[in-house]
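Colleague: Here it is: the structure, laid out below.
The values are calculated or read from the model by the stated rules, or taken from the named source; none is laboratory data. A quick note: this is a predicted structure, and the numbers were derived from the prediction, not measured. Methodologically, a virtual Cβ is constructed for each residue, glycine included, from the backbone with ideal geometry; neighbour enumeration extends over all protein chains shown.
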Amino acid sequence: MAFAGLLVISHPGMSSAATDVPADVMPLLADVSPVSIAAAAQSRDGQIVLITSPRDDHGAATLQRLVGKELHPLLPAVAPSSNPGSGNTEAAGKGGASAPASPPPPPVDPASLRLASDGALWVVDDGPPGGKAPPASARLLRIDADSGQVADAIPLPPEMLRPHSRLGPLRFHKTHAYVADIGAPGLLVVDLSARTVRRVLDDAPELSSRRPVEAKSAHDPTLSSIPMEVSPDGAWLFIQPEAGPLVRLPTALLDDPETSAATLSAGIVFWFDTPAATGSAMMPDGTLLLDTRSDGLLALSADRTLTPLLRDPRLAGDGTPFLRNDNKLLVPGVAGTGDGPAAGRTALFLLDPAALRSAARRVAGEGTAQGTETAPGP
C-alpha cells in the first residue's frame, strides 16, 4: 500500500485534516518480522536496543540489538525459572536488597527498558511468562549494552506484587525508579541508592481503567503498557490507565518513604481527559506525546493544549515509543497494511515530532483562513 502522506488524527471535538508532511518525517529504520517490538531505546553512542517477542505471543520476550537492519541477541538466553535470583551477593543495605558480587543472570522475560540520566540501560524483568508473577522472580536490571552483561540486579520482592501483577513502563527521577504495575494497578518506587522497594497507589482508582477499550492490534489482546512520564523539571509524574484520563502527582511525595497513603492519594491531580493510549514520551519543553489506540500520535503541551499530530495505519503495532537525545521518536509499527508484501510485518520508524507539530500548525492556520474548525496548535 502506498502512503501519499500522513493524516492529522481525529479526536472527539476536533476535526481531522490531511497534511503534506514530507515522507522523511517517518522513515522506515528496519523491518524485523517475524517478531513483535514491545519497546525500544537508543543509547548515547547510537546503539538501538529492542524488546522483542514472538508474534504468536508464545514464549518469553528477549533483548535484541539492532545492527543495521538486522537483530542480534543482546544477552545470552536464560531458561525460565521461578527464581532467577540476583547472583552471588554481598551484604544488603539497611532495609534493602543485596548488591550482587557476581554478574546476575540475564532477564527471563523483559517487560520494559529505559535509559537513566547517566545513560545506563535499565530493564524490568517480569520473570517467567504466564500471567502470574511467582515469588522472587521480578527484578530491575542494569545492563551494560556494550558487553552484554547484567551489571546489577535489584529484586522486586514478591510482597510488592499481586497475583495478577504484570510490570510495565519504567521511569527515573534522580535516585529513584518508578515501575508501573499494569496487571494489578499500582506503582513500585525503587530507591536505587538504598536498594529498597515500596508499593504505592495500590488499586488506586486513578490507575484503573474505567472505560472500555479495544485492542490496538490482533497481536495485542491484553494491555502491555500505559503512558507514564516524569516532567522535565522532575517535579511531577504523569500517568494514566490505558483508557485515560491523565493525572499527575508530585515526585517529592513519591520519593519520601514517610508519605502516607492518604497524603499521596490527596496529591493526585487530574490533568487532562486523554483518550486511550498505550505509550508516551516527554519532550524537553514539557510536551507529552501519546501513542494512541487509534494508530495516531497526540501532543499535549505543558499548558494543556492538545494537538493531534498524525494518524497512520503503520502505527498499528504493539510497542511503545522512545524519544532519542535529538528529540526524534523511535516508534514500533507495521511496514505496511492491506494485501501488500509488507502488510503486517513488524517495523521500526523514526518520527520527527517538531516537523509534525509544524505541519499541524500549518493545517490549523489553513483551516482558520477557510473558516474551518481545526485542532488547536500548542
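Colleague: Within segment 265-281, how many residues turn out to be farther than 16 Å from ARG210 by Cβ and buried (at least 19 other Cβ atoms within 10 Å of the Cβ)?
Modeller: Adding up the residues that qualify gives 4.
Colleague: Here's another thing I want to ask about it. Looking at segment 222-265 only, could you name the residues that are free of Cβ contacts under 8 Å to residues at least 60 places away in the same chain and at positive phi?
Modeller: Listed by number, the list holds a single entry, GLY244.
Colleague: So which residues in segment 156-170 are surrounded by 16 or more Cβ atoms within 10 Å (Cβ to Cβ), within 22 Å of the chain's Cα centre (by Cα) and not in a strand (DSSP E or B), if there are any at all?
Modeller: LEU156, MET160, LEU161, ARG162, SER165, ARG166
Colleague: Here is a further query. Sort through ALA277, ALA252, ALA261 and tell me the only one that's within 24 Å of ALA111 (Cβ to Cβ) and among the hydrophobic types (A, V, I, L, M, F, W, C). Reasoning before the result, please.
Modeller: Numbers: ALA252 fails: within 24 Å of ALA111 (Cβ to Cβ); ALA261 fails: within 24 Å of ALA111 (Cβ to Cβ).
Step by step, each of ALA277, ALA252, ALA261 is checked, and only ALA277 is within 24 Å of ALA111 (Cβ to Cβ) and among the hydrophobic types (A, V, I, L, M, F, W, C).
Colleague: Something else: Scanning for something surrounded by 19 or more Cβ atoms within 10 Å (Cβ to Cβ), modelled with pLDDT under 85 and either in contact with a Lys or Arg (Cβ under 7 Å, 6 or more places away or on another chain) or among the hydrophobic types (A, V, I, L, M, F, W, C) (or both), does segment 99-116 turn up at least one residue?
Modeller: Scanning segment 99-116, I find no residue that is surrounded by 19 or more Cβ atoms within 10 Å (Cβ to Cβ), modelled with pLDDT under 85 and either in contact with a Lys or Arg (Cβ under 7 Å, 6 or more places away or on another chain) or among the hydrophobic types (A, V, I, L, M, F, W, C) (or both), so the answer is no.
Colleague: Still on this structure, please answer the following. Considering segment 240-265 alone, what residues qualify as being acidic (Asp, Glu) and touching a strand residue (DSSP E or B) at 6+ places or on another chain (Cβ under 8 Å)?
Modeller: At the first step, the residues of segment 240-265 found to be acidic (Asp, Glu) are 242, 255-256, 258.
The answer is GLU242, ASP255.
Colleague: Can I ask one more? Suppose we filter ALA153, ALA194, ALA177 for residues that are crowded, with 20+ Cβ neighbours inside 10 Å and more than 20 Å from the chain's Cα centre (by Cα); which single one remains? Don't jump to the end; show me each part of the working.
Modeller: On the way: ALA194 fails: crowded, with 20+ Cβ neighbours inside 10 Å; ALA177 fails: more than 20 Å from the chain's Cα centre (by Cα).
Answer to the check: ALA153.
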